[in-house]
Amino acid sequence: MKNAITDRLFEFLDASPSPFHAAAALRERLLAAGCEELFENEVWALSPGKRYFVTRNGSSVLAFAVPEEFCGVQLIAAHSDSPTFRVKHGAEIRKENRYTKLNVERYGGMLPESWMDRPLSLAGRVVLRTADGVEAKLFHADRDLLIIPRLAPHLTRGTEPQKPNPQVDLLPLFGDETADLYGYLAEALGAAKEDVLSADLTLCVRQKAAYLGPKDEFICAPRFDDLQCAFSAVEALLAAQNPKKLLVAAVFDNEEVGSTTKQGANGTFLEDTLDRVREALGVSREAFLRGLADSFMLSADNAHAVHPNYAEKYDETNRTYLNGGVVIKYSANQSYTTDAVTAAVFSEICRRAGVPVQVFHNRSDIPGGGTLGNISNTHLSMPSVDIGVPQLAMHASVETAGAADTAHTVDAMTTFFNADIRKTESGFRF
Ligand code: ZN
């Protein structure tokens, strides 16, 4: 079941050990496809029929296709961040005159054991002093560099297994007693150590994306949640044509920690950008709001497939599987945006695309998680459906998914972008 779109997803995942790298890889993809980069502190001149993108904080990306005539927005939202460990400032902790550990804190709701006893590296951005200011540089060590070693079972006999304590059990070993993080960064970046001022660095696992199973039917990699949806949304934007709708692929940072940052879905990045697009196209505020009523969003974040070892953890009637197609997610308490009408619209779009659809509900005694749709709806409200790619081990350092589902997702998203979805009295036509 190896296929070209999954091979390209693998390249993207391997190139994206941090949200900064994910945004940079998307930027390269968009530039290579002929999209024009816009900057928030410059004037925007936009032409109908062209594609553009803008980044914020170097970790969130909004890519869009300008229509011939503005009749609304069709948006796909995904996120660029994943649970990891963030390196603190002044990170070195010396132990026994033999070791240097790095002081780290958790980012997001991870499965900490999945980070232990495996080679790790460092990725993110490093800020250097320049002649007249400071400059952030992308950094990825791209080598086996650290490890979080567990305590041997011989030394824990007679004690109850405990949840790992992040200040005790989860600090990575960096080197011998002389190891010096900023010295290492300076050397790697060809800078003087005193010019390394600060860094946003996180740990990353060294696992490359790979196929699994006798027929290569499964895939494993770090960060499927949510780079698989981010990748698919951008691929769909590049493949789509829609002369009536402003098409947007939005990839936001900081979903795993609540989205309330300047570059997060609960910040102003999306509304600022769309307001500027509206101004640049000479669309009145009234015409824009009219268009919003004919708009539609896919909130795209990965979904839980039934786990072969824990099949009892899933809903009795709504069960999703790897390679079973795109997942529509429902929640009565509205942690997902899906309603009967928006779900029906998306199912029909998938049927037209020839893509299978599955439905996810949590078991009624399991609360489950939330995602981007509701958050961005507080800034720009439109009919929306929560969807995702089915996967196992969400928030583990290495996750598992199906080899067929990326193509399903790109096809469904492309068909969504190509459809001109209009509100009717009691439904939609498209
Ligand atoms: Zn997610």
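The values are calculated or read from the model by the stated rules, or taken from the named source; none is laboratory data. Predicted model, so just to flag it, every value in this text is computed and none were measured. Reconstructed Cβ throughout: ideal geometry from the backbone, glycine too, with neighbour counts over all protein chains shown. Keep in mind that these areas ignore ligands, DNA and RNA; they rest on the heavy atoms of the full protein, side chains included. Shrake-Rupley method; radii C 1.70, N 1.55, O 1.52, S 1.80 Å.
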Checklist entry - In whole Å, what are the Cα extents of the range 368-430 along the three principal axes, biggest one first? => result 45, 28, 17
Checklist entry - So which GluC sites (Glu not before Pro) in the range 286-334 are both in a DSSP loop and have at most 14 other Cβ atoms within 10 Å of their Cβ? => result GLU316
Checklist entry - With r defined as the distance between the Cβ atoms of THR424 and LEU289 and R0 fixed at 30 Å, what FRET efficiency is calculated, to the nearest 0.05? => result 0.95
Next on the checklist: Ignoring everything except DSSP H segments at least 4 long, calculate the 222 nm mean residue ellipticity for the chain; use -39,500 (n - 2.57) per segment, divide by total residues, nearest 500.
Outcome noted: -7500 deg cm²/dmol
Checklist outcome for this item: In Å, the C-alpha Rg and Dmax of the range 261-322 are 19.6, 56
Checklist entry - Volume per residue, Å³, of the convex hull around the alpha-carbon atoms of the range 84-205? => result 108
Item to check | Residue-normalised accessible area of the range 78-125, given per residue in Å² at a 1.4 Å probe | outcome: 45
Item to check | Under 17 Å from the Cα of LYS215 - lysines, other chains or at least 8 residues apart | outcome: LYS2
Checklist entry - Among the GluC sites (Glu not before Pro) within the range 65-102, which fall in a DSSP loop and have no more than 12 other Cβ atoms within 10 Å of their own Cβ? => result GLU68, GLU69, GLU96
Checklist entry - Which whole number of Å³ per residue matches the convex hull of the alpha-carbon atoms in the range 243-374? => result 140
Checklist entry - What does the accessible area per residue of the range 233-309 come to in Å², with a 1.4 Å probe and no ligands, DNA or RNA counted? => result 35
Checklist entry - So what is log10(I(q)/I(0)) for the range 1-140 at q = 0.09, 0.13, 0.14, 0.21 1/Å, when the Debye sum runs over its Cα atoms only? => result -0.42, -0.80, -0.90, -1.43
Checklist entry - Roughly how many percent of the accessible protein surface of the chain is carbon and sulfur, given a 1.4 Å probe and a whole-percent answer? => result 50
Item to check | Listed peptides 226-239, 203-216, 10-23 by packing density, highest first (mean Cβ within 10 Å) | outcome: 226-239, 10-23, 203-216
Checklist entry - Which links in LYS88/LYS193; LYS163/LYS208; LYS329/LYS423; LYS137/LYS163 stretch past 24 Å when you go from one Cα to the other? => result LYS163/LYS208; LYS137/LYS163
Item to check | Bins of 20 Å, starting at 0 and running to the largest distance - Cα pair percent for the chain | outcome: 26, 54, 19, 1
